[in-house]
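The structure appears below as structure tokens.
The values are calculated or read from the model by the stated rules, or taken from the named source; none is laboratory data. Remember, it's a predicted structure, so these values are computed and weren't measured experimentally. Ideal geometry is used to build each Cβ from the backbone, glycine not excepted, and the neighbour counts take in all protein chains shown.
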Amino acid sequence: MNARSLPSLQQQLQQLVASPSVSATNPKLDMGNRGVIDLLAAWLDTLGFKTDIMPIDGQPHKANLIATLGSGDGGLVLAGHTDTVPYDDDRWQSDPFKLTERDNRLYGLGSTDMKGFFPLAIEAAKSFVDKPLQQPLIILATADEETSMSGARALVKAGLPKARYAVIGEPTGLKPIRMHKGMMMESLRITGQAGHSSNPAYGASALEAMHGAISEILKLRGEWQNRFQNPGFEVQVPTLNLGCIHGGDNPNRICGRAELQFDLRPLPGMQMDALREELQQRLQGSISDEKIRLEMHSLIGGVEAFEEPATSELVKVAEQFTGHSAESVAFATEAPFLQKLGMQTIVLGPGDIDQAHQPDEYLGLERIEPMVEILRGLIGKFCL
């Protein structure tokens, strides 16, 4: 175990940023993450971790990494995703794939969301490689968090990793997060019958049926917001956003097809399957014309809402080490998947979410040492 042969923290981040790993729903933009996984595996091998690379089914260019130091039936997982969102090259002041330091900031795609977490986790782990761990330290790197969550879903299917506690290093400004909303993206397709616009009897308008369906969706949104509230969130109610609509092809034709895509952010305690079923029933009830056919399907698998009890040991310890009370965020993470594996889970990282998915994404240098110290404290508490 020769920590001295590792690249420095900043050199590690430089190499991770330089390895493109964009995940996107557009196949033309989508990339693999094996370059990032292989770098992490090599560095963690050097430190004495046992590394297990798990290719994603049907996508050999994508993989998860489970790197384990020590053994036992408890322990701590330090988790992060290796992919980034697409980028607007012309809006960056510097090369997104070249780590650039200026104004006490490290600029680069993924520097805060969230490749930057891995060198910090490795730096913290270096302090424990020669210590007798009573429980394992696991560094987990996943694929496709920004799109399908295929990496996290594969872990749940495999029942791995096994540990008692998990910290996901998404950008939270060094504050522990114990709750976030879920994420559903749904499509409603209505098929009617096209015809000449001079006589409504010639067809059945999908757009007019969509008008009724949208009214029903907004009515249901209001009912959900009256039924469900959580004061722990800045926006205390579930949200539903009508994102885009497409339909018809000409003013003088009765619209034969229309599609609405919308986004629903449920609160903890709201079950996605139950929400979809209620939507389906209400929308079917809004259609009276036998010529109209309605179909709903999910655009993504969805991410459940997440809540770790305020009384859990991990939350209390994280509050102690950070000096901040646990909070909530509106964005979704892999936390509910790790919870399904039986781990107490929080989200806690050095970056800020307002830097994520933006041109000139950066990680402030002043965040590095405090985050490393927090991670050392957590490893010491749960692994020694």
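Below are the figures for this structure:
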read-out: The stretch 288-317 - residue that is under 14 Å from residue 210 (Cα atoms) and among the aliphatic types (A, V, I, L, M) and, of those, farthest from the chain's Cα centre (by Cα); value: 292
read-out: Unique match (being more than 23 Å from residue 376 (Cα to Cα), of a type in the set (Asp, Glu) and in the same structural domain as residue 15 (by TED's automatic domain parsing)) among 95, 130; value: 95
read-out: Counted residues, the stretch 237-266 - those being farther than 22 Å from residue 185 by Cβ and free of Cβ contacts under 8 Å to residues at least 60 places away in the same chain; value: 6
read-out: Hey, residue 57 in the same structural domain as residue 129 (by TED's automatic domain parsing), touching a residue at least 24 places away in the same chain (Cβ under 8 Å), buried (at least 19 other Cβ atoms within 10 Å of the Cβ) and acidic (Asp, Glu) or not; value: no
read-out: Only listed residue being at pLDDT below 95, of a type outside the set (Asp, Glu) and either outside any strand (DSSP E or B) or outside the structural domain of residue 273 (by TED's automatic domain parsing) (or both), chosen from 201, 166; value: 201
read-out: Residue among 275, 242, 218 that alone is modelled with pLDDT of 95 or more, under 27 Å from residue 25 (Cβ atoms) and loosely packed, with under 13 Cβ neighbours inside 10 Å; value: 218
read-out: Subset tally (residues that are surrounded by fewer than 17 Cβ atoms within 10 Å (Cβ to Cβ) and in contact with a helix residue (DSSP H, G or I) (Cβ under 9 Å, 6 or more places away or on another chain)) for the stretch 98-125; value: 3
read-out: Residues satisfying the stated conditions in the stretch 159-215, i.e. among the charged types (D, E, K, R), surrounded by fewer than 18 Cβ atoms within 10 Å (Cβ to Cβ) and under 24 Å from residue 273 (Cβ atoms); value: none
read-out: Residue that is farthest from the chain's Cα centre (by Cα) [pool: residues in the stretch 252-282 that are in a loop (DSSP other than H, G, I, E, B) and of a type in the set (A, V, I, L, M)]; value: 270
read-out: Number of the condition not met by residue 348 [criteria: (1) within 17 Å of the chain's Cα centre (by Cα); (2) of a type outside the set (Val, Ile, Thr); (3) within 19 Å of residue 109 (Cα to Cα)]; value: (3)
read-out: Candidates 285, 342, 364, 323 - the one that is surrounded by 15 or more Cβ atoms within 10 Å (Cβ to Cβ) and either more than 21 Å from the chain's Cα centre (by Cα) or not assigned by TED's automatic domain parsing to the domain that holds residue 255 (or both); value: 364
read-out: Evaluation of residue 123 against (1) of a type in the set (D, E, K, R); (2) over 19 Å from residue 35 (Cβ atoms); (3) outside any helix (DSSP H, G or I) (one fails), failing number; value: (3)
read-out: Neighbours by Cβ (under 9 Å, 6+ apart or cross-chain): first from the stretch 1-30, in a loop (DSSP other than H, G, I, E, B); second loosely packed, with under 12 Cβ neighbours inside 10 Å; value: 1/130
